[in-house]
Amino acid sequence: MAEIAQDSGGGGHKKGPGVKKQARKDARVDMTPMVDLGFLLITFFIFTTTINSPKAFKLNVPDDSAKDEEQTQAKASGAFTVLLSKSNHVYYYEGQLQSDGSNFKSSNFKEIRNELLRKKGSTAEKDLVVIIKPNEEANYKNVVDMLDEMQILEIKRYAVVDIAEGENALIRVTEGTSAPAPAAGGK
Amino acid sequence: MSKLNKIARKSTWVDMTAFVDVSFLILTFFMLATKFKPPEVVNIDNPKSVSSDKVEDKDVFKVSFDKEGRVFISFSSDKEGREKAQLTADVLSRQKGLGLTPAEISNFIKFSSGGIGVPVSQLKSFLALSDAEYKAFKQPGIPVSDTLNNQLNDYINALLTGTGGRKPANIMLNGDNGTTYPYFKNILAAFKKNGIFSFKLITAMEGVPSGTPLYKRQKEQGGGEAK
């Protein structure tokens, strides 16, 4: 306190330099509100910008009206069928479905990749065909994820096919939404 | 003593000029990089894929479906898209005996860049709406769930009849994650019936998981190009 008083006293003593100092201070503009405004606008633009633009995923579908003899036949040994159901459940079986459902297995989107890789490694490329069968409760995301999986694993031959009633029944049994049928105890 | 005090007081003032420079540089970048989303009447959450192809925006015919399974068609607002929208409206009006007036057809073109999702029977009354009413109107979607009355088929058929079989350069399918499979199947059925066997799904980008065949190949190719 005492020092300040001394200071002002000193200022009064020599007026010249004190005035000069004040003038220098005025030339400085306070930029803080400008920065505030700048960052407010940046925030606005960040939120309105769509960062990753959508990507196109090419899909070719077969012509169903093609005659039977023109359609490619899948070899049972190279077939791998993936069944998609509600709440991201995945089921699969290799080759043909056994009548007792013994080769019907349950999986999920993480594990199915390993199964597909294993199948891909153990089957000749020309024989391998993955059949994707979504049921009525599967959603679009599951189907696209599965198609995407074909891209990721570089599986050239795959098809999206309607599910058969027998397979759907097995799924329902596994999910326990209906009374379990006797012989079909799918584990 | 008095000199020392003055120096201390001065140092509390921070020079903001550089800060302002940087912030406005970033601001300019975002302003230039921003591309505002075109107004859409439907809110769609796309699935992800590893695909990295760009979505083309010229001469587009897009079929969208949302979570509730409401199906919409839309055309791009460029010259080709507008032309195809007009042809579709013309043919549809003729085929279904809707008797659309030129004003209604021009409304069809206008609405088609945002999305049209009404059954053919409601099309005429729908096209009488004003711009503001169009935005507020909750469209029921083009019915597709009934195999015998798949009206998306009618729309696509009108489009291809109008263009004389010339397909739009970019046929896209813009689907929502949560839609159940039958809707997708029925849309595919309408596409197939009209001879459209190749199209693009609109997806969000996703990185390729490491260790997978595609990842290895991309890495090899990337390495080869770098050399």
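Partner aspartates and glutamates whose Cα lies under 15 Å from the Cα of residue A:120, excluding those fewer than 8 positions away in the same chain, are identified as A:94, A:111, A:149, A:154.
Seen against the Cα atoms of chain B and their longest principal axis, helix B:17-33 is set at about 10 degrees.
A convex hull fitted to the Cα coordinates of chain B yields 253 cubic angstrom per residue.
Carbon-plus-sulfur fraction of the accessible area of chain B, 1.4 Å probe, in percent? Each step should come with its number before you reach the end.
On the way: 6810 of 12260 Å².
C and S atoms contribute 56 percent here.
The angle separating the long axis of helix B:151-163 from the principal Cα axis of greatest extent in chain B is about 90 degrees. In terms of its Cα atoms, the range A:75-175 spans 33, 30, 21 Å along the principal axes, sorted from long to short.
A 1.4 Å probe over all protein chains sorts A:156, B:48 by accessible area into A:156, B:48, starting with the largest. In the context of the full protein assembly, residue A:102 retains an accessible surface of approximately 80 Å², using a probe radius of 1.4 Å and ignoring ligands and nucleic acids. Give the angle, between 0 and 90 degrees and rounded to the nearest 10, that separates the Cα long axis of helix B:213-226 from the longest principal axis of the Cα atoms of chain B. For B:213-226 against chain B, the angle is about 60 degrees.
If you plug the beta carbon distance of residue B:22 and residue B:54 into 1/(1 + (r/R0)^6) with R0 = 45 Å, you get a FRET efficiency near 0.90. For residue A:34, the accessible surface of its heavy atoms amounts to roughly 90 Å² (probe 1.4 Å, protein chains only, rounded to the nearest 10). Bridging of residue B:79 to aspartates and glutamates at a Cα separation below 17 Å is possible for B:56, B:57, B:59, B:90, once same-chain residues fewer than 8 apart are set aside.
When A:86, B:58, B:200, A:105 are compared by accessible area at a 1.4 angstrom probe, the order from most to least is B:58, A:105, A:86, B:200.
Taking the centroid of alpha carbons for each part, the range B:40-105 and the range B:159-227 are 17 Å apart. Residues in the range B:71-86 near a label at residue B:121, defined as backbone nitrogen under 20 Å from the 7 Å Cα→Cβ point? Zone members listed by number: B:71-73. For the pair A and B, the buried accessible area comes to roughly 5200 Å² in total, with a 1.4 Å probe and the value rounded to the nearest 100.
Take the residue pairs B:58/B:193; A:110/B:67; A:119/B:193; B:35/B:110 and return only those whose Cα atoms are more than 30 Å apart. Each step should come with its number before you reach the end.
Numbers: B:58/B:193 24 Å; A:110/B:67 24 Å; A:119/B:193 34 Å; B:35/B:110 21 Å.
Table pairs above 30 Å Cα-Cα are A:119/B:193.
What FRET efficiency do you get for residue B:131 and residue A:114 if R0 is 45 Å and r is their Cβ-Cβ distance, rounded to the nearest 0.05? It would help to have the intermediate numbers written out before the result.
On the way: r = 53 Å, r/R0 = 1.18.
In this case the efficiency is close to 0.25.
Label sites at residue B:149 and residue A:103, each approximated as a point 7 angstrom past Cα along Cα to Cβ, lie 4.4 nm apart. Overall form of the range B:23-116: prolate. Here a/c, set by the Cα gyration tensor axes a ≥ b ≥ c, is 1.5 or more, and a/b is the larger of a/b and b/c. The heavy atoms of residue A:30 present about 90 square angstrom of accessible area, all protein chains included, probe 1.4 Å.
The values are calculated or read from the model by the stated rules, or taken from the named source; none is laboratory data. Since this is a predicted model, take the numbers as computed values, not measurements. A quick note on method: Cβ atoms are made from the backbone with ideal geometry, for glycine too, and the neighbour counts reach across all protein chains shown. Accessible surface areas use protein heavy atoms only, side chains included; no ligands, DNA or RNA. Shrake-Rupley method; radii C 1.70, N 1.55, O 1.52, S 1.80 Å.
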